[in-house]
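Asker: Please find one structure pasted underneath; my questions will follow.
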Amino acid sequence: MKSNFKYPILYTFRRCPYAMRARFAIRSSKIMVEVREIKLKEKPSEFLKSSPKGTVPVLITKSGEVLEESMDIINWALNINDSHKWLAKGRLGKKEIKDLLDDFEIKFKTNLDKYKYPNRFSGVDRYLYRDKNLCFLEKLNFYLKNNNSLNCEHLTLLDYAIFPFVRQFRNVDQDWFDKLNFSLLSNWINQIIDSEDFSSIMRKFKKWEPNDVPIYTNFE
C-alpha cells in the first residue's frame with residue numbers, strides 16, 4: 001500500500017555507525033529522502049510504531065515497506081542507482097566479501113562493543129577484546145597493499161560498510177591506534193574522513209519532531 005509522504009523516510013542518528021553507512025549509500029545513489037534525526041534516549045512514538053525494536057537506521061519506502069537493517073537499506077539504494085559502482089567486481093569474490101562482512105559483524109563488532117563500552121558487560125577486560133580485533137585490522141591493512149580501497153581501485157560497498165566501525169575503534173584511543181603498524185589502514189581511514197562524502201553525511205540536522213516541516217536531502 002502506497003504511503004502519502006513525498007520521499008522515503010530515513011530515521012537516523014548522526015553518530016551511529018550503522019546509520020552512517022546507510023547515509024553513505026543514499027548519498028552515493030543520489031536518492032532524495034526525508035531525514036528524521038532522532039535521539040536514541042528519546043525515541044519518538046512514531047518511530048517506534050514503524051520499528052518497535054528501536055534501532056537506527058530505519059527507512060520507510062514510498063510503498064510503505066520498512067527496512068530496519070543498514071545492509072538492507074544499502075542494497076535498496078544500490079538497486080535503484082549504483083552511480084559510483086559500489087557493486088563493481090574486484091579482487092575478492094562474492095564469498096570472500098560475505099565471509100569478511102560476517103567476520104566483521106560476528107567478531108569485530110562484538111569485540112568493539114566490549115572494548116568501547118566495557119561497563120555494559122560483566123567482568124570484561126576491555127584490552128583483551130581490543131587486541132582480539134588486531135587480526136581483523138591486519139587483514140584489512142593487507143587488502144590495502146595494492147590499492148586505496150579494500151577490493152578494487154575505488155571505494156566500494158565493502159569500504160563504506162566497514163569504515164564507520166573501524167573509525168569508531170580507532171577513536172577509543174587514537175594515540176594507541178596510531179602507534180600500530182597499520183599505515184595503509186590509517187591512510188584509508190583518513191582518505192574517507194577527509195572526503196566530501198563524509199562531511200556531507202555527517203552534517204548536523206535538528207532533532208525531528210512530529211510537527212516539523214520535512215527536511216529533504218540526498219546528503220549532497
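Asker: Test of understanding: among 151, 141, 187, which residue is assigned to a helix (DSSP H, G or I), in contact (Cβ under 8 Å) with a residue 24 or more places away in the chain and under 23 Å from residue 85 (Cβ atoms)? So that I can check it myself, show each step before the final result.
Answerer: On the way: 151 fails: assigned to a helix (DSSP H, G or I); 141 fails: under 23 Å from residue 85 (Cβ atoms).
Exactly one of 151, 141, 187 is assigned to a helix (DSSP H, G or I), in contact (Cβ under 8 Å) with a residue 24 or more places away in the chain and under 23 Å from residue 85 (Cβ atoms), namely 187.
Asker: Return the residue satisfying two criteria in turn: it lies in the range 97-123 and is over 16 Å from residue 165 (Cβ atoms) and not in a helix (DSSP H, G or I), and of such residues it is nearest to the chain's Cα centre (by Cα).
Answerer: This residue is 121.
Asker: Does the range 79-100 hold any residues that are aliphatic (A, V, I, L, M) and surrounded by 19 or more Cβ atoms within 10 Å (Cβ to Cβ), and which are they? Break it down stepwise before answering.
Answerer: First, pick out the residues of the range 79-100 that are aliphatic (A, V, I, L, M): 80, 87-88, 92, 97, 100.
Selection gives 100 alone.
Asker: Determine whether the range 111-121 contains at least one residue that is out of contact with any helix residue (DSSP H, G or I) (no Cβ under 9 Å at 6 or more places or on another chain) and either β-branched (Val, Ile, Thr) or not assigned by TED's automatic domain parsing to the domain that holds residue 58 (or both). Before the answer, list the steps.
Answerer: Just the residues of the range 111-121 that are out of contact with any helix residue (DSSP H, G or I) (no Cβ under 9 Å at 6 or more places or on another chain), to begin with: 119.
Those still in the list that are either β-branched (Val, Ile, Thr) or not assigned by TED's automatic domain parsing to the domain that holds residue 58 (or both) too: 119.
Yes - at least one qualifying residue is present in the range 111-121.
Asker: Restricting to the range 2-22, name every residue that is touching a residue at least 40 places away in the same chain (Cβ under 8 Å), among the polar types (S, T, N, Q) and out of contact with any Asp or Glu (no Cβ under 7 Å at 6 or more places or on another chain). Step through it out loud before you land on a result.
Answerer: Looking only at the range 2-22, we keep the residues that are touching a residue at least 40 places away in the same chain (Cβ under 8 Å), and these are 2-3, 5-14, 16-22.
Checking the rest, the ones that are also among the polar types (S, T, N, Q) come to 3, 12.
Across the range 2-22, the qualifying residue is only 3.
Asker: Also: Which one of these does residue 75 not meet: (1) polar (S, T, N, Q); (2) closer than 29 Å to residue 145 by Cα; (3) in contact (Cβ under 8 Å) with a residue 60 or more places away in the chain?
Answerer: The single condition residue 75 does not satisfy is (3).
Asker: For the range 46-60, what are the residues that are part of a loop (DSSP other than H, G, I, E, B) and either crowded, with 16+ Cβ neighbours inside 10 Å or not assigned by TED's automatic domain parsing to the domain that holds residue 24 (or both)? Can you show your working first?
Answerer: Of all residues in the range 46-60, those part of a loop (DSSP other than H, G, I, E, B) come to 51-57.
Hits for the range 46-60 are 51, 55, 56, 57.
Asker: Moving on to the next point. Looking at this structure, is residue 126 surrounded by 19 or more Cβ atoms within 10 Å (Cβ to Cβ) and either over 15 Å from the mean Cα position of the chain (by Cα) or in the same structural domain as residue 28 (by TED's automatic domain parsing) (or both)?
Answerer: Numbers: surrounded by 19 or more Cβ atoms within 10 Å (Cβ to Cβ): no; either over 15 Å from the mean Cα position of the chain (by Cα) or in the same structural domain as residue 28 (by TED's automatic domain parsing) (or both): yes.
For residue 126, the condition - surrounded by 19 or more Cβ atoms within 10 Å (Cβ to Cβ) and either over 15 Å from the mean Cα position of the chain (by Cα) or in the same structural domain as residue 28 (by TED's automatic domain parsing) (or both) - is not met.
Asker: Going by the structure shown, is residue 74 outside any loop (DSSP other than H, G, I, E, B), of a type in the set (A, V, I, L, M), closer than 27 Å to residue 172 by Cα and assigned by TED's automatic domain parsing to the domain that holds residue 22? Full working, then the answer.
Answerer: On the way: outside any loop (DSSP other than H, G, I, E, B): yes; of a type in the set (A, V, I, L, M): yes; closer than 27 Å to residue 172 by Cα: yes; assigned by TED's automatic domain parsing to the domain that holds residue 22: yes.
So residue 74 fits the description; yes.
Asker: Considering 205, 182, 177, which residue is free of Cβ contacts under 8 Å to residues at least 40 places away in the same chain and under 22 Å from the mean Cα position of the chain (by Cα)? It would help to see each step written out before you state the result.
Answerer: Working: 205 fails: free of Cβ contacts under 8 Å to residues at least 40 places away in the same chain; 182 fails: free of Cβ contacts under 8 Å to residues at least 40 places away in the same chain.
Testing whether each residue is free of Cβ contacts under 8 Å to residues at least 40 places away in the same chain and under 22 Å from the mean Cα position of the chain (by Cα) leaves just 177.
Asker: With (1) free of Cβ contacts under 8 Å to residues at least 12 places away in the same chain; (2) touching a helix residue (DSSP H, G or I) at 6+ places or on another chain (Cβ under 8 Å) as the list, and residue 169 as the residue in question, which single condition is left unmet?
Answerer: (1)
The values are calculated or read from the model by the stated rules, or taken from the named source; none is laboratory data. Only a predicted model underlies this, so the values are computations on that prediction, with no experimental measurement involved. All Cβ positions, glycine included, derive from the backbone under ideal geometry; neighbour counts span all protein chains shown.
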